[in-house]
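Notes follow once the structure below has been shown.
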Amino acid sequence: MTVASRRAKRVHGGSDRALYVEILIEAPLDTVWELTQEPASHVRWDARFTSILPERSREDGAEEFRYELALGIHTIHGTGVSLGSSEGRGGERTSALAFDTTDPLSPLGAGRGYWRYIPTPEGVRFLTGYDYAPGWGAIGRVLDPLITRRFVWWLTARSFDRLRLWAEDGIRPEHTTWWRSLLPGRRPRPRARRCLSRPPSRNGRTIMQNAPDLLAVIAP
């Protein structure tokens, strides 16, 4: 065990609590990149957001934005910064994100994460790793490992499968909302279980230690 992995084990209590979601998308890399990097397309498949509003471009190429998540009786507001790169070995692309909110009703506080786009003969391995500080104070810290973190993983994974259906089959995300999935009959239904919850190879590093260098640029 390396020094880094021993340190990670102490910090995480022997388990890596960061979220990891991976799905294989049988579509061109450019298609997956466009559907995930364009804010107007991103919010259509990702149930974690209802709007992403670009604010300004920074000198380092990062994009600052505001986001919203409408919950019916309340809308959560937050801010973030993202930075994408199309450079990498074997055509791999990466994107990094940092976000925060002062909304006391948000179950998630400040966080950061990344996306990787890894081309393979079978398609694009699209994956994310991210972590966050729980919201809701002391209650949130108790609920996070029991309920919140599990639900956030499920929501992310289900959203990834909505993206897959759109990129592979042209099925618009509006046709795979949760309430449409409850309707009877044969229809496309996104499934969180199609996603991996842990990296295929751990290499002695935590999920966030495997983040691209881009993340250190926007969230040092």
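The values are calculated or read from the model by the stated rules, or taken from the named source; none is laboratory data. Bear in mind that the values here come from a model prediction, so they are computed numbers and not experimental data. Cβ: placed from backbone, ideal geometry, glycine included. Neighbour counts: every protein chain shown. Note: accessible area is taken over every heavy atom of the protein model, side chains too, but ligands, DNA and RNA are not part of it. Shrake-Rupley method; radii C 1.70, N 1.55, O 1.52, S 1.80 Å.
General remarks:
- Förster radius 30 Å - calculated FRET efficiency between residue 51 and residue 87, Cβ distance, rounded to 0.05: 0.55
- Peptides 51-62, 150-161 ordered by packing proxy, namely the average of other Cβ atoms within 10 Å per residue, highest first: 150-161, 51-62.
- Label-reachable residues, the stretch 81-101, where backbone N falls under 12 Å from a point 7 Å from residue 75's Cα toward its Cβ: none
- The chain: calculated mean residue ellipticity at 222 nm from DSSP helix runs of at least 4, using -39500 (n - 2.57): -8000 deg cm²/dmol
- Here the 3J(HN,Hα) profile of the stretch 59-69, calculated from phi with Karplus coefficients 6.51, -1.76 and 1.60 at θ = phi - 60°, is 5, 7, x, 6, 10, 8, 8, 10, 10, 9, 9 Hz, Gly and Pro shown as x.
- Shape of the stretch 68-141, Cα gyration tensor, a/c cut at 1.5: prolate
- Top of 22, 174, 63 by mean-square fluctuation, Gaussian network on the chain, Cα under 10 Å: 174
- Take the Cα of residue 26, go 7 Å toward its beta carbon, and the backbone nitrogen atoms of the stretch 100-135 under 11 Å from that spot belong to 122-123.
- Calculated from backbone phi, Karplus (6.51, -1.76, 1.60) coupling profile of the stretch 17-24 in Hz, x at Gly/Pro: 8, 4, 7, 9, 9, 9, 9, 9
- Using θ = phi - 60° and Karplus 6.51 cos²θ - 1.76 cosθ + 1.60, couplings along the stretch 43-52 (whole Hz; Gly, Pro as x): 6, 6, 9, 8, 6, 7, 9, 10, 7, 10
- Computed on the chain, with alpha-carbon pairs under 8 angstrom and 6+ residues apart, the relative contact order is 26 percent.
- Segment residue 203-residue 139, length gained on full extension (0.36 nm per residue, minus Cα span): 19.6 nm
- One chain, two ends: residue 151 and residue 60. Fully extended at 0.36 nm per residue, the span grows by 29.4 nm beyond their Cα-Cα distance.
- Heavy-atom accessible surface of the chain: percent carbon and sulfur, 1.4 Å: 55 percent
- Net charge of neighbours whose Cβ lies under 13 Å from the Cβ of residue 218, counting Lys and Arg as +1 and Asp and Glu as -1: -4
- In this simple spin-label approximation, residue 177 and residue 196 carry label points 7 Å from Cα along the Cα→Cβ vector, and these lie 3.3 nm apart.
- Backbone amide hydrogens, once placed in the peptide plane, bring residue 110 within less than 5 Å of 101, 133, excluding anything fewer than 5 places away on its chain.
- Cα gyration tensor shape for the stretch 29-108, rounded if a/c is under 1.5, else prolate or oblate: prolate
- Once the Kirkwood radius over Cα pairs is known for the chain, the Stokes-Einstein relation at 20 °C and 1.002 mPa s delivers a diffusion coefficient of 117 µm²/s.
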